[in-house]
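Inspection log for the structure reproduced underneath, given as structure tokens.
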Amino acid sequence: MILPIVGYGHSVLRAATKNIDKDYPEIKKLIEDMYETMYRANGVGLAAPQINLPISVLVIDADPFKENYPEGEGFKRAMINPEILEIGGEDESFEEGCLSLPGINETVIRKNKVKVKYLDSDFNEHIEELFGIRARVFQHEFDHLQGKVFTDRLSNIRRAFLKKKLNDIANNKVRAAYKMVK
Ligand code: ZN
């Protein structure tokens, strides 16, 4: 089922998310719906607050970036209650966008190496080291679980420049190619 996506300005995007446990109802169905919603909108990641749920769940499918990897492999993960264990490597610049901020693309600097711990959809724990684009997409989605969006990471000058665009999204004046929450 395709779910409507929450736009910038909605309070759920600023809320701290809650961890969930095995009692959470129909988690596999939710994850399936999150993937479907993300694919429909041509996204590479989606976090639960973006579908109006303040819980610690994210999905990633960085397949469109597989050329960036020597092994040419995609990267598809559903992560429950993710944590960052270590962050390091080098600063890398890359142009990001976000399904909750349609029409905005900005260069964001992030570390290119992150070690993460998370539960999969069967609630099995994994520890994984992510590099490059994988580390980037993860950090972007992880930010959503902390109530952050990528424009928070821009300079004050850059954010001031985007103010009108951000206000337009918050006031439902921006049309996206996918269904958004009114
Ligand atoms: Zn986003």
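Each value in this text was obtained by applying a stated rule to the coordinates, not by laboratory testing. In this text, all values refer to a predicted model and were calculated from it rather than measured experimentally. Note: ideal-geometry Cβ built from the backbone for every residue, glycine included; neighbour counts use all protein chains shown.
The table below gives the values:
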item	result
Within region 150-170, considering residues that are within 12 Å of the ligand (Cβ to nearest atom) and surrounded by 16 or more Cβ atoms within 10 Å (Cβ to Cβ), the one nearest to the chain's Cα centre (by Cα)	Phe150
Neighbours by Cβ (under 8 Å, 6+ apart or cross-chain): first from region 131-148, farther than 17 Å from Gly88 by Cα; second small (Gly, Ala, Ser) and away from the ligand (no atom under 12 Å from the Cβ)	Leu145/Ser56; Gln146/Ala16; Gly147/Ala15; Gly147/Ala16
Region 105-144, residues that are in a strand (DSSP E or B), of a type outside the set (Asp, Glu), touching a helix residue (DSSP H, G or I) at 6+ places or on another chain (Cβ under 8 Å) and within 16 Å of the ligand (Cβ to nearest atom)	Val108, Arg110
Candidates Gly97, Gly147 - the one that is within 16 Å of the ligand (Cβ to nearest atom) and out of contact with any strand residue (DSSP E or B) (no Cβ under 9 Å at 6 or more places or on another chain)	Gly147
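Here is a yes/no grid of residues against (1) in a helix (DSSP H, G or I); (2) loosely packed, with under 14 Cβ neighbours inside 10 Å; (3) over 16 Å from the mean Cα position of the chain (by Cα); (4) charged (D, E, K, R):
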site	(1), (2), (3), (4)
Tyr8	no, no, no, no
Lys29	yes, yes, yes, yes
Thr37	yes, no, no, no
Leu58	no, no, no, no
Glu67	yes, yes, yes, yes
Met79	no, no, no, no
